[in-house]
Amino acid sequence: MRTKLYVFQLFLQYITTVYSCKTSQKILLQPYSGTAIAYPENYPTGTGYGINLNCSWEITAGEGYHVIMYPTRISCGSDTTLKLYYGSTTLAETTDCVKCPDIVGYCSDIVQTNSSHVLLVLSTSSSLDNGGFQFYFMAVKTKRAKVCNSTGTKLMATRSPNFITSPGFPAEYPNFLDCSWIVERAVTESESHLVFQFRSQFLEPNYIGCSDYVKIGGLGEFCEGSDDYILQTSRNMPVNDTSVNVRFKSDGGYALSGFVLAYYIEDPLLPCSCQHGGTCSNLTCICSKGYKGPNCQNESLTMVSFSSSSSDVREGKSVWFRSEIVDNFDFRVRWFRKGILITSASTRYTMTSSPSINGTEFHMLNISRALQRDTGNWTVKASNGVTTVSVNFSLVVRPSLLLQMMPQYDFSIQSGEEINLQCSVTNAESLKGLTNGSLIWQKDGKVILSDSAFNISTLETTATLRKLTAVLDDSGRYSCSHSGYPDPVYESVNITVTKKEQKVCRNETSEDIIWNATAAGTTKKESCPENQKGTATRYCDTQGDWELPNLVNCTDEAFVNASKELDSLIADGVDNTEKLQETVNNTLQTMKNLTSKAGGLSSGDISSSLDILDKIVNVTNMTNGKIEKKAFFKVVDNVLSTDNSKSWATVSEKTAKGASSLLKSMDRLSEIVIRSNNVTRTTFSGDNFEVRIDKTKIDEKGIRFPDVSSNGVSNDTKEFATFLELPKQTGSGSKEINYVAVIYKTISDIFPKASKSERSVNSNEAEEAPDKEDYVNSEILSLTTQTDLETLSPPLHLTFNHISKNNDTDLQPNCVSWNFTTNNWSEKGCKVSLSNTTRTVCQCSHLTNFAILMRPYVSGKEDSASLKTLSATGVILSIVFTVLTFTIYITNWKYIKSDLNVLLLNLCGSLVVSYVIFIVAVEKTSDELNLIIIVTLIRVLLASSAMTKSSVQKKAASGLRSLGTLLPVLGVNWLFGMLAVNESAEFFQFLFIISNSLQGFFIFVSHVLMNKKLMKSMKSRYPVLAVLTLSTESSKKDPTSVSRTQSSGSDVPLKGLGKKKRASKFGKFSKKTAKTKNVQKSDSFLTEKTDLTMSEVESKEKESNVLLKEEQTDV
């Protein structure tokens, strides 16, 4: 019995490098040498995915080789994307079994890419406490033998590894193989010895030995069948013999991927002078990471060159820098401005890398638009984790030319008045280095010469343009520029010269602004008042009267500076947490002081505050930095002050911003705050809003905010309060979740009075109540949780106190939530549970911002309910009559069986099904089905076997009779239905419902009560029906019987030849009719019995008709 050698202790990871997650890496695989890529780097010992990862590994095999891969371990979350591309770009084909978050196609065997380039990409949008992956890659020969060519093949071992592989590796090896090789040493020195090493092993073992195995002379048999050895390298296994036999044998059982066995000569006794932790192998130093050279004496990382497009540029221009770097190991390149790391989040900086033809890499930094803050010292650093190289360089950004025109904005003058323009260079340093040129004037793109009708005066940095008497032709666009400046920089103003009789708005001072004259029907721009930045506007109406100034774009200079500071952080992509937090917190302190000033904020300050709060949230989200939450909340509280209501109204009217912008910033900040796993309870209670940040086990304990007693009374004011209560949510897990709850106390004053809900916007209700407006009549409640709870069960309960008592019967409260997509209130997912004049209780199935919206009461709502009730009642009655008709026909089927009645039964069944559908979904009707039924019935009637034997005239007549029967029953609904499309046509809506509901009744009357054959059958089978109708029928004469008696008793004169023959025929006819009369008489008196069946009656009647026709023909 062969003894299996358990060599688990031999299989230790021989790979020196495990590639971890970095922005972009390139890996060159060595032949038949496993290379690991893992995240985290120590996975599976360490687990978890970081947030916002964006890593890629470009893996390349040498010429004649292709890449294979085995995912030893993989675990990923819903926000993790991991893909393997069979090429060097994301446009290449992907493998189906390496896919996150979808791991349905988990790889069960080695993946053969058949490509010399593959790309592995990892990205995440959120962090995960567990999970990770570890993949092994190997380069194998593209062309390789699939069977053993011979046995006893001699192989020569050198100091460079060579390889023996199972046939077809990594594909399954064939059964019943018996391959052998003889490995000999090329070097015969006694100090050297032969070394074997598995680079991959996956063979078929069994419980007592080896089914398939590799036998190495002097070492034993190997048949590891665990995936822990796939593409992984074992420890060196030395043999002192100069010649070693290697044998691979497989039986007829299942086959696996096989093996890769390396063999080479090692000289362990020959010492090497390896430095920096290098190891000696085969007379060669194997250097540790970061070093190179025969004795590992040199650092491997080298910056070969550095260059730039320029070190002195003008503001607004682009500039690039390039470093050329080489290393045998993986390295990382970073760029620093004044010691602060620049990241790819920047909107102005772009960092790229590309390989060169000589094996180095080019790393570039491109600044698309240089600004003055870019002036200073820059550094580029490259590091491989052991050693670092860097280059320092300087950049000078000269300011761009700034011109100022006075007057600064477009203006109007009357004919005969003076034109006086002045142009100045506001930053003389921008002209440094210019040897010639001066300020020049242009009108409508043409240069104004000094000898023209204009008087031009030019100094070094100032120029004036004057004309004492303006004429109408002087209207146009006047521009100022510098002829020596290399870039086109202009400052322009439009002048309109009007006739003296033309209406204009005269010069006037308002809001501390001098408003220069302007033509009627135009908007004038002027600079904002002192200590404010921006542009004020004012409209001059067609009558030449000024309207009120619009200062919504005028804001305190401190707001402008704070906004610019945040803009620079976002634009530059600065990665310095301390710097970012310092800037954000300083801005919040400034904002807190600015928004606390007495008298309230101007509309411009409100607009700027909203922008700054949004930028603070953006910076905090970008860097995951901490924020002084209470300072942020204080700013929000100040901005929501009722002292600012007038300014808020202006902002909502003149800009696209409003209270919705503030709600959105708070919601986004809430999401950032509760994203952390170490949330501590934080509360803030201001005059205008309150907030609580906390965590809870939602499956054990609900959330109630603010703190109120069980009867809804505030613990602070002892009055009924507005509050929300989220009951325990089943199936939400036992883990604690973070949440943020907010109540906005005064925001109802900020929302516009005409704030429409989606329901009223999308309906005709506004037209029905034009004198009423929707308005918010409560405080606003908000709840955000760390985990999406989806549809809440049980629902969220919200209790709102009405701000104004609702005594107006024309207004009704609606439970609404704010939709940030449509910027409207939406009733979706919310309903009124209880309401009175002072309070409303809502139930909602989702989380967001909630309020009570007062909407004009519309009576159509009740009309709609009554229409639905009437329709449902009528449908039920119609079902009863239709089912009754169906039942009667089925019970009397053998007496009335015919094609027409088959169609009638189909009609009844179809109508019943459509009515049931109607009841289940009241909003849908069955009228579409009616048309199908009509067309189908007519088609079958016209195509029946009886009709095919008839003439065209009879077919047409039968079709008309079918239409006459069906259209009143089914088609009349369409007439009323088309007239009832408009909701205001209530009369036709009721007619439509009534006619639709009587379908079953009409069918019962026309096909049961009016069907003589069916009624005869029923009376004969059920005598009780005869008793009910006996008195009626006995009191009436049967006009049909009388006519038949008179007809049979009359003497018809017969003339001409053949009289005797005709008399004989008439005698026969008389006998037949006598029998028929007896049958009719028995039918007329229901108390008599007959042995004749209905079919016999019909047969006798047909014989009588035939004889009568023959007699008439003879006559």
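The values are calculated or read from the model by the stated rules, or taken from the named source; none is laboratory data. Since this is a predicted model, take the numbers as computed values, not measurements. We place every Cβ from the backbone using ideal geometry, glycine too, and count neighbours over all the protein chains shown. Note: accessible area is taken over every heavy atom of the protein model, side chains too, but ligands, DNA and RNA are not part of it. Shrake-Rupley method; radii C 1.70, N 1.55, O 1.52, S 1.80 Å.
Taking amide H positions as placed 1.01 Å from N in the peptide plane, with prolines and chain starts having none, which residues 5 or more places from Leu301, or on another chain, fall under 5 Å of its amide H?
The answer is none.
Filter the cross-link list Lys381/Lys629; Lys657/Lys695; Lys446/Lys467; Lys597/Lys629; Lys626/Lys701; Lys615/Lys735 down to pairs whose alpha-carbon distance in this structure exceeds 25 Å.
Lys381/Lys629; Lys657/Lys695; Lys626/Lys701; Lys615/Lys735
Taking all protein chains as present, what is the carbon and sulfur share of the accessible area of the stretch 347-474, in % to the nearest whole number, probe 1.4 Å?
Result for the stretch 347-474: 49 percent of the exposed heavy-atom area is carbon or sulfur.
Run the numbers for Asn240 and Asp109: contour at 0.36 nm per residue of separation, minus the present Cα-Cα distance, in nm.
43.6 nm
Can you tell me the accessible area per residue over the stretch 206-275, all protein chains present, probe 1.4 angstrom, in square angstrom?
Per residue, the stretch 206-275 has 41 Å² of solvent-accessible surface.
Could you give the nm distance between label points at Asp129 and Thr887, where each point is 7 Å from its Cα heading toward the beta carbon?
6.5 nm
With the dipole of the stretch 163-314 worked out from charges on the C-beta (+1 for Lys and Arg, -1 for Asp and Glu) around the Cα centre, which of Val260, Thr302, Cys179 lies farthest toward the positive end?
Selected residue: Thr302.
Expressed as cubic angstrom per residue, what is the convex hull volume of the alpha carbon set of the stretch 64-151?
108 Å³
Compute, for the stretch 221-308, the length of the dipole vector about the Cα centre, with Cβ point charges of +1 (Lys, Arg) and -1 (Asp, Glu) only. Units Debye, rounded to 20.
So the dipole magnitude of the stretch 221-308 works out to roughly 300 debye.
Run the accessible area of the stretch 624-668 with a 1.4 Å probe and give the carbon-and-sulfur part as a rounded percent.
45 percent
When ligands, DNA and RNA are left out and all protein chains stay put, how many square angstrom of accessible area per residue does the stretch 433-499 have with a 1.4 Å probe?
Dividing the accessible area of the stretch 433-499 by its residue count gives 56 Å².
Hey, can you find the accessible area per residue of the stretch 534-669 for me, probe 1.4 Å, expressed in square angstrom?
So the stretch 534-669 comes to 41 Å² accessible per residue, rounded to a whole number.
For the stretch 504-571 and the stretch 430-447, compute the distance between their C-alpha centroids and round to whole Å.
Each part reduced to its Cα centre gives a spacing of 29 Å.
Note down the magnitude of the dipole of the stretch 602-682 about its Cα centre, charges +1 on Lys and Arg C-beta and -1 on Asp and Glu C-beta and zero elsewhere, to the nearest 20 debye.
Charge dipole of the stretch 602-682: 260 debye, to the nearest 20.
Can you tell me the length gained on complete extension of the stretch Asn711 to Glu790, counting 0.36 nm per residue apart and subtracting the Cα distance?
The span from Asn711 to Glu790 would gain 25.6 nm if fully extended.
For Ala520 and Ser483, what does the FRET efficiency come to when R0 = 25 Å and r is the distance between their Cβ atoms, rounded to the nearest 0.05?
Rounded to the nearest 0.05, the efficiency is 0.10.
Using a Förster distance of 22 Å, how high is the FRET efficiency between Phe176 and Ile208, based on the Cβ-Cβ distance and rounded to 0.05?
It comes to 0.60.
Using per-residue counts of other Cβ atoms within 10 Å, averaged over each peptide, order 235-246, 608-619, 665-676 from highest down.
Highest mean packing first, the order is 608-619, 665-676, 235-246.
How far apart, in nm, are two points set 7 Å out from the Cα along the Cα-to-Cβ line at Leu449 and at Leu283?
9.0 nm
When the chain is fully extended, how far beyond the present Cα-Cα distance does Cys97 get from Lys141, taking 0.36 nm per residue of separation?
13.5 nm
Can you tell me which of 40-52, 68-80 comes out highest on packing, and rank the rest after it, using the mean Cβ neighbours within 10 Å?
The packing order, highest mean first, is 68-80, 40-52.
By per-residue mean of other Cβ atoms within 10 Å, what is the highest-first order of 835-845, 995-1005, 440-450?
Highest mean packing first, the order is 995-1005, 835-845, 440-450.
I need the chymotrypsin sites (Phe, Trp or Tyr not before Pro) found in the stretch 139-189, filtered to DSSP loop residues with at most 16 other beta carbons within 10 Å of theirs.
Hits after loop and neighbour filter: Phe176.
For the stretch 116-182 and the stretch 258-317, what is the centre-to-centre distance using only Cα atoms, to the nearest Å?
When both Cα centres are located, 26 Å separates them.
Starting at the first residue of the stretch 289-297, write each ³J(HN,Hα) from the Karplus equation 6.51 cos²θ - 1.76 cosθ + 1.60 with θ = phi - 60°, in whole Hz, x for Gly and Pro.
Per-residue couplings from phi come out as 4, x, 9, 8, x, x, 10, 6, 8 Hz.
Roughly how many nanometres apart are two label points built 7 Å out from the Cα toward the Cβ at Thr90 and Gln543?
Distance between label points: 6.1 nm.
Give me the percent of the accessible area of the stretch 539-591 that comes from carbon and sulfur atoms, probe 1.4 Å, all protein chains in place.
Exposed carbon and sulfur together represent 41 percent of the surface.
Using a Förster distance of 51 angstrom, determine the FRET efficiency expected from the C-beta separation of Glu417 and Arg681, and round it to 0.05.
After rounding, the FRET efficiency stands at 0.15.
Let a ≥ b ≥ c be the square roots of the eigenvalues of the Cα gyration tensor of the stretch 418-533; is it rounded (a/c under 1.5), or, if not, prolate (a/b larger than b/c) or oblate?
oblate
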